[in-house]
Amino acid sequence: MPNIDPPCRLYLISPPKIILDDFAPRLEAALGAGDVAAFQLRLKPADDEEIYNAAEALLPICNKFHVLLILNDRTDLARDVGADGVHLGQSDGSVPEARAKLGLDAMIGVTCHNSRHLAFLAGDAGADYVAFGAFFPTKTKATKFTAEPELLSWWSDISEIPAVAIGGIIPENCLALITAGAHFLAVSSGVWDHPGGPGEAVKAFNKLMARHSPG
């Protein structure tokens, strides 16, 4: 049977710190430039009010372009602001707990580092996607784990749960992850720090995904 997997898609992650008035138009430029599946708001140093206010302001932009808004870690704030889902680290609560709070339609993803075992556990718990990485060095966050593209190939062969590749991904290094079978590329600085601006970065990623996705 031929491979009928959909093309790889882009999953944007916010910078760790934002100035909302400056960032909102940059997000709109990125989402308006091409296909983006989801945007994760990840503001690690921020307090609850700042995260809530940012999510509330950015949600209409995501809705305008039919892009899911995912909150990092904070199931409680995701519920309160009406976000589309939550991304959980290994110490950020369980998938069943998040599902009970957010409902059956919520998108719930789990960080699995480079671990096949953690991916199986996440899948068994009902995660909507698993995230592997870091595949490349990254300045966005400190990383203790490194992953290789063959992990994506292995997962795509044995599971129907989508795999997100994360960590230092830029247009110049993403080809191996696309061809290995990543369903989504999670990108932060590769878009926000792109020399041509976020819109040009989204266009560059989409062009590579359209050409080289398996299928």
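For the subset of segment 48-77 comprising residues that are surrounded by 19 or more Cβ atoms within 10 Å (Cβ to Cβ) and among the small types (Gly, Ala, Ser), which member is farthest from residue 11 (Cα to Cα)?
54
Output the number of the condition that residue 41 fails; it satisfies all remaining conditions of (1) over 26 Å from residue 160 (Cα atoms); (2) in contact with a helix residue (DSSP H, G or I) (Cβ under 7 Å, 6 or more places away or on another chain).
(1)
I need the full set of residues from segment 29-69 which are in a loop (DSSP other than H, G, I, E, B) and of a type in the set (Phe, Trp, Tyr), in order please.
Start the filter on segment 29-69 by keeping residues that are in a loop (DSSP other than H, G, I, E, B), which leaves 32-37, 42-47, 65-67.
Passing the criteria: only 65.
Give the residue, chosen from 115, 91, that is modelled with pLDDT under 95 and hydroxyl-bearing (Ser, Thr, Tyr). Write out each step before concluding.
Values: 115 fails: modelled with pLDDT under 95.
Every option except 91 fails the conditions.
Residue check: is residue 185 in contact with a helix residue (DSSP H, G or I) (Cβ under 9 Å, 6 or more places away or on another chain), assigned to a helix (DSSP H, G or I), closer than 21 Å to residue 140 by Cα and not acidic (Asp, Glu)? Steps first, answer last, please.
Numbers: in contact with a helix residue (DSSP H, G or I) (Cβ under 9 Å, 6 or more places away or on another chain): yes; assigned to a helix (DSSP H, G or I): no; closer than 21 Å to residue 140 by Cα: yes; not acidic (Asp, Glu): yes.
Criteria not met by residue 185.
Would you confirm whether any residue within segment 131-141 is within 16 Å of the chain's Cα centre (by Cα), among the β-branched types (Val, Ile, Thr), on the phi < 0 side of the Ramachandran plot and surrounded by fewer than 19 Cβ atoms within 10 Å (Cβ to Cβ)? Outline the logic, then answer.
First pass over segment 131-141, keeping only residues within 16 Å of the chain's Cα centre (by Cα): 131-136, 138, 140-141.
Adding the requirement that they be among the β-branched types (Val, Ile, Thr) leaves 138, 140.
Of the ones still in play, those that are also on the phi < 0 side of the Ramachandran plot are 138, 140.
From the residues that got through so far, the ones that are surrounded by fewer than 19 Cβ atoms within 10 Å (Cβ to Cβ) too are 138.
Looking through segment 131-141, at least one residue is within 16 Å of the chain's Cα centre (by Cα), among the β-branched types (Val, Ile, Thr), on the phi < 0 side of the Ramachandran plot and surrounded by fewer than 19 Cβ atoms within 10 Å (Cβ to Cβ).
Mind listing just one residue for me: the one in segment 138-155 that is touching a helix residue (DSSP H, G or I) at 6+ places or on another chain (Cβ under 8 Å) and touching a residue at least 40 places away in the same chain (Cβ under 8 Å) and, of those, nearest to residue 43 (Cα to Cα)?
If we take residues in segment 138-155 being touching a helix residue (DSSP H, G or I) at 6+ places or on another chain (Cβ under 8 Å) and touching a residue at least 40 places away in the same chain (Cβ under 8 Å), then 140 is nearest to residue 43 (Cα to Cα).
Can we say residue 80 is in contact with a Lys or Arg (Cβ under 8 Å, 6 or more places away or on another chain) and within 19 Å of residue 42 (Cα to Cα)? Walk me through how you get there before you give the answer.
Values: in contact with a Lys or Arg (Cβ under 8 Å, 6 or more places away or on another chain): no; within 19 Å of residue 42 (Cα to Cα): yes.
No, not satisfied.
Might you check whether a residue that is of a type outside the set (Val, Ile, Thr) and either in contact with a strand residue (DSSP E or B) (Cβ under 7 Å, 6 or more places away or on another chain) or modelled with pLDDT of 95 or more (or both) occurs anywhere in segment 137-144?
Keep residues of segment 137-144 that are of a type outside the set (Val, Ile, Thr), which gives 137, 139, 141-142, 144.
Applying the additional criterion that residues be either in contact with a strand residue (DSSP E or B) (Cβ under 7 Å, 6 or more places away or on another chain) or modelled with pLDDT of 95 or more (or both) yields none.
No: segment 137-144 contains no residue that is of a type outside the set (Val, Ile, Thr) and either in contact with a strand residue (DSSP E or B) (Cβ under 7 Å, 6 or more places away or on another chain) or modelled with pLDDT of 95 or more (or both).
If you go through segment 156-172, how many residues are farther than 21 Å from residue 130 by Cβ and within 17 Å of the chain's Cα centre (by Cα)?
Quick first cut of segment 156-172, residues farther than 21 Å from residue 130 by Cβ only: 170-172.
Then drop every residue that is not within 17 Å of the chain's Cα centre (by Cα), which leaves 170-171.
Matching residues across segment 156-172 total 2.
Looking for whichever is in contact with a helix residue (DSSP H, G or I) (Cβ under 6 Å, 6 or more places away or on another chain) and in contact (Cβ under 8 Å) with a residue 24 or more places away in the chain here; the options are 59, 10. Which one fits?
On the way: 59 fails: in contact with a helix residue (DSSP H, G or I) (Cβ under 6 Å, 6 or more places away or on another chain).
From the options 59, 10, the qualifying one is 10.
If we keep just the residues of segment 83-99 that are of a type in the set (A, V, I, L, M, F, W, C) and over 19 Å from residue 53 (Cβ atoms), which is surrounded by the fewest Cβ atoms within 10 Å (Cβ to Cβ)?
From segment 83-99, those of a type in the set (A, V, I, L, M, F, W, C) are 83, 86, 88, 95, 98; that's our starting set.
If we keep only those that are over 19 Å from residue 53 (Cβ atoms) too, we end up with 88, 95, 98.
Details: 88: 24, 95: 20, 98: 26.
Checking each candidate, the answer is 95.
Could you tell me which residue of segment 156-169 is nearest to residue 38 (Cα to Cα), considering only residues that are without any contact (Cβ under 8 Å) to a residue 40 or more places away in the chain and surrounded by fewer than 18 Cβ atoms within 10 Å (Cβ to Cβ)?
In this case the residue turns out to be 160.
On the basis of being surrounded by fewer than 19 Cβ atoms within 10 Å (Cβ to Cβ), in contact with a strand residue (DSSP E or B) (Cβ under 8 Å, 6 or more places away or on another chain) and charged (D, E, K, R), does residue 80 make the cut? Working first, answer last.
Details: surrounded by fewer than 19 Cβ atoms within 10 Å (Cβ to Cβ): yes; in contact with a strand residue (DSSP E or B) (Cβ under 8 Å, 6 or more places away or on another chain): no; charged (D, E, K, R): yes.
Against the criterion (surrounded by fewer than 19 Cβ atoms within 10 Å (Cβ to Cβ), in contact with a strand residue (DSSP E or B) (Cβ under 8 Å, 6 or more places away or on another chain) and charged (D, E, K, R)), residue 80 does not qualify.
The values are calculated or read from the model by the stated rules, or taken from the named source; none is laboratory data. These figures come from a predicted structure and were not determined experimentally. All Cβ positions, glycine included, derive from the backbone under ideal geometry; neighbour counts span all protein chains shown.
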